[in-house]
Structures are given as structure tokens and as C-alpha cells.
1. What number of residues within region 155-166 satisfy the criterion of being within 18 Å of residue 198 (Cα to Cα) and either in contact with a Cys (Cβ under 9 Å, 6 or more places away or on another chain) or surrounded by fewer than 23 Cβ atoms within 10 Å (Cβ to Cβ) (or both)?
2. Counting only residues that are β-branched (Val, Ile, Thr) and surrounded by 15 or more Cβ atoms within 10 Å (Cβ to Cβ), which one in region 173-214 is farthest from residue 69 (Cα to Cα)?
3. When only residues in region 125-154 that are closer than 17 Å to residue 187 by Cβ and of a type in the set (S, T, N, Q) count, which is surrounded by the most Cβ atoms within 10 Å (Cβ to Cβ)?
4. If I ask for residues that are farther than 11 Å from residue 63 by Cβ and part of a loop (DSSP other than H, G, I, E, B), which ones from region 172-196 would you list?
5. List the pairs whose first member sits in region 28-54 and is in contact (Cβ under 8 Å) with a residue 60 or more places away in the chain, whose second member is among the polar types (S, T, N, Q) and part of a helix (DSSP H, G or I), and whose Cβ atoms are under 9 Å apart, counting only residues at least 6 apart or on separate chains?
6. Does region 151-163 include one or more residues that are part of a helix (DSSP H, G or I) and not charged (D, E, K, R)?
Amino acid sequence: MSVFQLDQNLIAFPKPTLADPDGLLAVGGDLSADRLILAYSNGIFPWYSEGEPILWWCPHQRFIIRPENIHISRSLAKYMRKHEVRVLWDRDFADTMHRCRMLRENKEGTWITDAMEQAYARLNRIGCAMAVEASVDGVIAGGLYGVVLGNNFFGESMYSHHENGSKLALVCLAKALSESGFHMIDCQFHTDFLESMGGESISYEEYMKLLRTE
């Protein structure tokens with residue numbers, strides 16, 4: 001594995017061919033805005049723990065949600081009718097990301113380090129990252145954040161403080177993206193929760209076609 005470089009005139013990431021089925025592609029580098037944008041534009045993202053070198057991933061199988069296919073269960077629809085649900089766009093990006101971090105840090109641990117928080121805040125300042133939260137009856141219930149490039153949203157993490165919090169944030173995001181003609185919400189890896197919300201597995205080849213579609 002080698003550290004991909006930014007001093008190239010052309011983007012030259014290889015198709016993932018490593019034996020690792022999860023797609024560990026490279027080690028090292030930095031979290032500069034330029035490098036992150038270059039990585040995400042090729043389906044690559046950083047994911048590592050505190051004290052480790054930066055690990056860059058590009059899974060062979062991708063898990064996405066097509067915004068128009070977001071699934072709203074009967075129970076969630078009933079909940080939305082019963083309560084006042086509002087969507088908050090970039091209320092406070094740093095705070096949203098930190099809430100995602102603390103939720104996991106207090107449980108199973110987290111990959112959201114100080115360096116990651118600073119890096120994605122820089123992306124937010126230049127319009128390449130966004131936070132979405134949902135409030136229920138005037139109280140923030142949950143939210144998520146991710147990278148925005150072209151017509152694609154790359155989900156990074158979410159949190160929920162109250163019932164259905166993260167579900168509502170995801171539904172609000174998907175509806176807005178669908179109306180704006182976005183192609184996908186990149187979920188990176190499969191979870192039962194994301195599958196229940198309409199997620200599907202696609203090949204790397206199909207993923208790249210979506211990524212390249214204007």
C-alpha cells in the first residue's frame with residue numbers, strides 16, 4: 001500500500017484490488033481539504049482510530065441510499081404526524097459532529113478524532129460538508145453530517161438523543177436531496193438500520209458511474 005499523492009496533474013487512484021474485502025487502500029497522508037476532496041471524488045474515505053496512521057478505504061461493495069427510495073415506516077410516518085418535526089441545516093456543524101463523536105466515545109469508541117473534527121470543519125467552511133438535524137416539538141432529537149460533492153452526499157456519522165432522532169434527520173436529508181436531483185447518499189458500509197431506511201448494496205463499478213454522473 002502506498003500513500004496517494006496530490007502533486008499529480010491527473011487523478012490516478014487505482015481500482016480497489018487488494019485482498020482485503022473491506023477495501024483498505026492506502027496508509028498515511030494528511031487530512032487537508034484538497035486531499036479529502038480528491039479522495040471522496042474517487043470513492044475513498046479516511047477511517048482510523050486515535051494513535052493510528054491515517055487509513056484510507058475504498059470498499060469493493062458499496063452501500064448507498066438513493067434519496068428517492070428513502071423508506072418511511074408506518075410507525076415513523078405516524079410519529080411524524082403526531083409531532084412537530086423541523087429540519088435544521090448547518091445549525092452548528094462543529095457541534096453536530098461533536099455530538100456524533102461523544103455518542104460513540106462514551107460507548108464503543110470512535111474514529112472521530114480532534115484532527116477529524118478540524119478537517120471536516122474546514123470542508124464545511126468551503127461548502128463541501130454539511131450537517132443536518134431534526135427537532136421534535138422544539139427539541140433537537142438527532143442529526144448527521146457528511147461531505148457534499150456534486151450531486152452526491154457522503155454520510156459520515158449520525159447521532160440520536162431522542163426517539164427516532166437519526167431516522168428523522170436522514171428522512172429530511174433524503175427528501176431535500178431527492179428534490180435537488182442528488183444521485184445517492186453514500187453510507188460506506190452496510191448496517192441493518194440503513195437497510196431498513198432503504199439502503200442497498202451496489203458494485204464499485206455502479207457506484208463510480210453514479211459518482212461520475214452530473
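1. The total comes to 6.
2. Ranking the qualifying residues of region 173-214, first place goes to 202.
3. Result: 152.
4. Correct list: 180, 181, 182, 183.
5. Going by the 9 Å Cβ cut-off, the qualifying pairs are 31/118.
6. So the first thing to find is which residues in region 151-163 are part of a helix (DSSP H, G or I), and the list is none.
For region 151-163, residues part of a helix (DSSP H, G or I) and not charged (D, E, K, R): absent.
Each reported figure results from applying straightforward, stated rules to the coordinates on display, with no laboratory input. All values derive from a computational prediction rather than experimental measurement. With ideal geometry, Cβ positions are generated from the backbone for all residues, glycine too; neighbour counts draw on all protein chains shown.
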